[in-house]
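Reading through the structure tokens given below for one structure.
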Amino acid sequence: MIKATGEDEIVPDVAKFQIRLECLRSKVNDSRECLVKQSNDLEAKLKSFGIEEKDLLTTNIDLQKRYTWRNNSQVFLGYAATTNLLVTVRDLDNMDKIYTDLIDDQNINISGLTYEHSKIDSLRNEVYVQAMNNANSLVEKLLEKLPEDHYEIVQVGNTQLESSSADRIYASRDMEMKVMAEEVQYESKNISFSRGTLPVKATIFVEYSID
């Protein structure tokens, strides 16, 4: 059983952040109308920066009564209408301008800025292939020290594997690579990021038969 890794660093090409809008009014209809106007104004502003509608996702809309405590009693403040919008920016050259403009608007609250890569899934597949190549290279080096001169891949996984029985029918390398690629599709899309680059890393476990 061999454990192998593949890794790379990529420059992010996508930024995402959350925008929260809130309107507090004494009448429920006024609160709702205020939120609709703010949402329309915000959408128009974002589109003026070249952000397409498909990159604007409303993640929450809420309308509740708002209270506070004064002199040991509950006081009604009004109706609070809120919405959250997930914004995806694909032109990072515009980020400074977009962020500065939005922060200047007192009706807008921004949070959760993260950076990603638009092709992270295919890039992660590539580092899995790199890990597979690293595993095969290690086996080939080991064979140079052994009397055996042939190896076959028995199984591949991205978690620790149980050793196969001796009479297992061996799959071809092409089939194993296909299995590996299918497993990659279920990997978490969540990745850590650092300033300037995104680390992409994959670890696999490969069982070989040597003869």
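Structure data summary
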{"item": "Check on GLN64, in a strand (DSSP E or B), loosely packed, with under 10 Cβ neighbours inside 10 Å, assigned by TED's automatic domain parsing to the domain that holds ARG25 and not charged (D, E, K, R)", "result": "no"}
{"item": "Single match in LEU142, LEU146 (criterion: part of a loop (DSSP other than H, G, I, E, B) and closer than 30 Å to ASP211 by Cβ)", "result": "LEU146"}
{"item": "Test result for VAL129, surrounded by 15 or more Cβ atoms within 10 Å (Cβ to Cβ) and either modelled with pLDDT of 85 or more or under 24 Å from the mean Cα position of the chain (by Cα) (or both)", "result": "yes"}
{"item": "Subset of region 1-20 [in contact with a helix residue (DSSP H, G or I) (Cβ under 7 Å, 6 or more places away or on another chain) and not β-branched (Val, Ile, Thr)]", "result": "ALA4, GLY6, GLU7, ASP8, ASP13, ALA15"}
{"item": "Region 98-136, residues that are of a type in the set (Phe, Trp, Tyr) and either farther than 19 Å from ALA202 by Cα or out of contact with any strand residue (DSSP E or B) (no Cβ under 8 Å at 6 or more places or on another chain) (or both)", "result": "TYR99, TYR115"}
{"item": "Filter pass, GLY78 being of a type in the set (Gly, Ala, Ser), on the phi > 0 side of the Ramachandran plot and in a strand (DSSP E or B)", "result": "yes"}
{"item": "Criterion violated by ASP93 - all others in (1) in contact (Cβ under 8 Å) with a residue 24 or more places away in the chain; (2) among the acidic types (Asp, Glu); (3) farther than 17 Å from ILE110 by Cβ satisfied", "result": "(1)"}
{"item": "Hey, THR88 in the same structural domain as LYS54 (by TED's automatic domain parsing), crowded, with 16+ Cβ neighbours inside 10 Å and over 18 Å from LYS54 (Cα atoms) or not", "result": "no"}
{"item": "Filter result for ILE98 (of a type outside the set (D, E, K, R) and touching a residue at least 40 places away in the same chain (Cβ under 8 Å))", "result": "yes"}
{"item": "Close pairs from region 39-60: first without any contact (Cβ under 8 Å) to a residue 12 or more places away in the chain, partner loosely packed, with under 11 Cβ neighbours inside 10 Å, Cβ under 9 Å, at least 6 apart", "result": "LYS47/GLU53"}
{"item": "Members of region 11-60 that are part of a strand (DSSP E or B), of a type in the set (A, V, I, L, M, F, W, C) and under 23 Å from the mean Cα position of the chain (by Cα)", "result": "VAL14, ALA15, PHE17, ILE19, LEU56, LEU57"}
{"item": "Candidate set from region 91-126 (those that are of a type in the set (Asp, Glu) and outside any helix (DSSP H, G or I)); member that is surrounded by the fewest Cβ atoms within 10 Å (Cβ to Cβ)", "result": "ASP104"}
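The values are calculated or read from the model by the stated rules, or taken from the named source; none is laboratory data. As the structure is a prediction and not an experimental result, all values here were calculated from the model. Glycine also receives a Cβ, built like all others from the backbone with ideal geometry; neighbour counts cover every protein chain displayed.
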